[in-house]
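Accompanying notes for the structure given below.
The values are calculated or read from the model by the stated rules, or taken from the named source; none is laboratory data. From a predicted model like this one, the values you see are computed outputs, not experimental measurements. With ideal geometry, Cβ positions are generated from the backbone for all residues, glycine too; neighbour counts draw on all protein chains shown. Surface accessibility is based on the protein's heavy atoms, side chains included, excluding ligands, DNA and RNA. Shrake-Rupley method; radii C 1.70, N 1.55, O 1.52, S 1.80 Å.
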Amino acid sequence: MDVKSIANMAVLAGEIMLRSGAETYRVEDTIKHILDTAGTAETEALVMLTGIIVTINRPGQEPVTIMRRVHDRGTNMHRIVEVNEISRKYCAGELSAEETQQKLKNIKGRQYTVRIYNLATVLVPAGFAPLFGGGFREIAASAAVGIILAALMTIGKRVRISSFILNILCTAGIAVTAAGLKMWIPALNMDTVIISCIMPLVPGVAITNAIRDTLRGDYISGGARALEAFVTAAAVAIGAGVGMASMNLFLQGGGLW
């Protein structure tokens with residue numbers, strides 16, 4: 001495989017990892033190991049939260065530089081592990097360049113079906129409810145609200161709503177649905193239900209990676225991840241506040257309590 005193909009393969013591996021929530025230093029390390037298989041060429045890799053730049057400089061020849069913009073990011077630890085395993089096997093000579101390229105392309109798609117994601121979105125809030133002191137009523141209510149959350153997330157992704165707006169709509173839907181259940185079941189602890197249902201939207205991985213990138217000296221990516229986590233948390237807070245305020249506004253008496 002020629003040098004440009006190796007660079008493209010390295011960028012593909014880095015793109016999958018970055019989209020899956022890997023730390024930037026881990027992405028850079030993986031890319032650098034793949035680029036170093038190009039031989040005596042000097043290689044450099046720069047990874048930021050929104051893009052990847054790699055360069056292979058060969059003596060007496062024009063350098064090869066590839067830049068790729070990364071728009072969408074999520075969390076998928078399984079993909080990160082797969083890319084690490086494939087890159088290690090390639091660097092150890094256990095896989096050819098063509099086999100490595102094909103394996104990387106095969107893991108670029110969705111790991112689970114939409115039904116599995118939606119099922120998890122329903123079960124996760126139900127699992128968090130007992131941790132926040134909820135009883136059987138709160139567990140059942142959290143699962144019911146989780147169905148609404150799964151529907152909103154599925155529709156929002158299909159119509160390609162921006163993540164900020166989608167988070168606001170999802171948390172507003174959670175608050176409105178929980179308030180509606182509170183009217184039906186007065187003994188229900190609405191706060192527990194709302195908190196349990198917004199947990200799948202909390203940017204925990206982004207906050208953790210922001211701290212790890214910052215401690216590794218990658219202040220650009222660390223700051224960008226911290227800002228991304230703050231924006232997500234702000235959207236969740238705005239949505240929950242709007243949903244609860246709306247119910248307070250339209251309910252007779254101006255309140256739920």
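Points to keep in mind about this one:
- Rolled with a 1.4 Å probe across the full set of protein chains, the surface gives residue 215 an accessible area near 140 Å².
- Label zone at residue 117, where the point sits 7 Å out along the Cα-to-Cβ direction: region 58-91 residues whose backbone N lies under 14 Å: 72-77
- Calculated from backbone phi, Karplus (6.51, -1.76, 1.60) coupling profile of region 204-209 in Hz, x at Gly/Pro: x, 5, 4, 5, 4, 5
- Candidates 13, 97, 175, ranked by Gaussian network fluctuation over the chain, Cα under 10 Å, top entry: 97
- Computed from backbone phi, the HN-Hα couplings of region 213-221 come to 5, 5, 5, 7, x, 8, 6, 5, 5 Hz, rounded to whole numbers (Karplus: 6.51 cos²θ - 1.76 cosθ + 1.60, θ = phi - 60°; Gly and Pro given as x).
- Relative to the current alpha-carbon distance between residue 71 and residue 249, full extension at 0.36 nm per residue lengthens the span by 60.3 nm.
- Near residue 48, the amide H atoms lying under 5 Å from its own belong to 53; only residues 5 or more places off or on other chains count, and H is placed 1.01 Å from N.
- Sequence-distant aspartates and glutamates (8 or more away, or on other chains) whose Cα lies within less than 19 Å of residue 157: 72, 228
- When the chain is treated as a GNM with alpha-carbon contacts under 10 Å, the residue of 11, 47, 114 showing the greatest mean-square fluctuation is 114.
- Distance in nm between pseudo-label sites at residue 48 and residue 227 (7 Å out along the Cβ direction from Cα): 1.0 nm
- Surface composition of the chain: carbon and sulfur make up 61 percent of the accessible area, probe 1.4 Å.
- Per the Debye calculation on region 18-152 with a single equal scatterer at every Cα and no solvent contribution, log₁₀ I(q)/I(0) for q = 0.14, 0.15, 0.17, 0.19 Å⁻¹ amounts to -0.78, -0.84, -0.97, -1.11.
- Rounded to whole Hz, the Karplus (6.51, -1.76, 1.60) HN-Hα couplings of region 135-151, x for glycine and proline: x, 4, 4, 5, 4, 5, 5, 5, 5, 5, 5, x, 5, 4, 4, 4, 5
- Between residue 242 and residue 147, the contour length at 0.36 nm per residue exceeds the Cα-Cα span by 32.2 nm.
- Leading residue at positive end of dipole, region 15-86 (Cβ point charges), from 55, 75, 65: 75
- The chymotrypsin sites (Phe, Trp or Tyr not before Pro) of region 35-132 meeting both criteria, a DSSP state outside H, G, I, E and B (loop) and at most 16 other C-beta atoms within 10 angstrom of the site's C-beta, are 112.
- Relative packing of 202-213, 149-160, which averages over residues the other C-beta atoms within 10 Å, highest first: 202-213, 149-160
- The lysines within cross-link reach of residue 4, meaning a Cα-to-Cα straight distance under 30 Å and a gap of 8 or more places when in the same chain, are 32, 89, 103, 105, 108.
- The accessible-area ordering, largest first, of the residues 19, 79 stands as 19, 79, per a 1.4 angstrom probe.
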